[in-house]
Amino acid sequence: SERPALRALIKVSLLKHEPTGKPIILEGVFVGGSAGKAEGKLMQYHPLSLCNTSEDERQESDFITIVKLEHRVPRCLPLLDKARMALDKGAQAVIFDVSDDTNAAAELRETDSLPRPVVLVEADDAEELMGLVNKNEEANVVIEIKMEPKWPHYD
Amino acid sequence: RQHKISGVSSGCQQGGCLTCSDYNGCLSCRPRLFMHLERIGMKQIGVCMTSCPPGFYGTRSPERNTCTKCRSECDSCFNRHFCTRCRAGFYLHLGKCQENCPEGHVRSDAQRECV
């Protein structure tokens, strides 16, 4: 039977707010056999920026890429290649907002060869993340595996 | 939640888009315009332009016209292989930016060229 997809906890701390502020906790799903921990500054990439390996901007610090996928943007590359390209560009992890691209989840679930975490988000979790991006609210993101509660033992 | 197509909202405000979305800006451009991916802090949005900004060159193709970054040692260029102005510390010779000039030429810091 198909192995259940591991869920991801996405902890978002706003950089311009006092450090005591509680992080925003969101959820997603790991894909590509890449479940694990990652941390970095949230950085949006346009879907068309992951089409070729042209000379690109280099980020100074560790960063986590977020890409809002759109079904109206013709796929220049398979999603797996886009994920790999984002990781090759130095991302510690990649978050895909698949709210508006329902095929994306299926496309990425068929593989498990990605070297670092790739997470899918949608609906409210995606809306919150993209809302921060839209307001240019600099944020640090920590991605972890969500530990599901173990079934209690009935003796 | 229907995204406004070419409606007035944060991502779609500038003209030239054929399709656009709130978060990604332009997704495709009107004919002949170049798609430039502009970094604004943590955001990166698509912008449609008649010509690419300094430091980028335009490439036309059937699917889309795009702005691509010049090589790192190059401040402005015609294309990937032909630079027109070098970054400080590099000198232009036959469209290439080099740290040293070939024999018979000297470095001009003012023009950043081998003269």
Checklist outcome for this item: Among residues of segment B:61-89 being open to solvent by 80 Å² or more (accessible area, probe 1.4 Å) and free of Cβ contacts under 8 Å to residues at least 12 places away in the same chain, the residue farthest from the other protein chains (Cβ to nearest Cβ) is B:P62
Checklist entry - What number of residues in segment A:102-125 are more than 14 Å from A:G32 (Cβ to Cβ) and open to solvent by 10 Å² or more (accessible area, probe 1.4 Å)? => result 6
Item to check | segment B:90-115, subset small (G, A, S) and at negative phi, residue most open to solvent (accessible area, probe 1.4 Å) | outcome: B:A110
Checklist entry - What is the residue count in segment A:82-101 for residues that are under 23 Å from B:S21 (Cα atoms) and either open to solvent by 30 Å² or more (accessible area, probe 1.4 Å) or in a loop (DSSP other than H, G, I, E, B) (or both)? => result 4
Checklist entry - Any residue at all in segment B:34-41 that is in contact (Cβ under 8 Å) with a residue 24 or more places away in the chain, closer than 27 Å to B:C97 by Cα and acidic (D, E)? => result no
Next on the checklist: Given the criterion surrounded by fewer than 17 Cβ atoms within 10 Å (Cβ to Cβ) and either modelled with pLDDT under 95 or among the hydroxyl-bearing types (S, T, Y) (or both), identify the matching residue among A:E39, A:E2, A:E70.
Outcome noted: A:E2
Checklist outcome for this item: Counted residues in segment B:24-43 being within 18 Å of A:C51 (Cβ to Cβ) and at the interface with chain A (Cβ under 7 Å from one of its Cβ atoms) come to 5
Checklist entry - Does B:T50 qualify as being within 10 Å of chain A (Cβ to nearest Cβ) and modelled with pLDDT of 90 or more? => result no
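The values are calculated or read from the model by the stated rules, or taken from the named source; none is laboratory data. Quick caveat, the model's predicted, so the values are computed rather than measured. Don't worry about glycine lacking a Cβ; one is built from the backbone with ideal geometry, like all the others, and counts go over all protein chains shown. Just the protein is used for accessible areas: all its heavy atoms, side chains included, with ligands, DNA and RNA removed. Shrake-Rupley method; radii C 1.70, N 1.55, O 1.52, S 1.80 Å.
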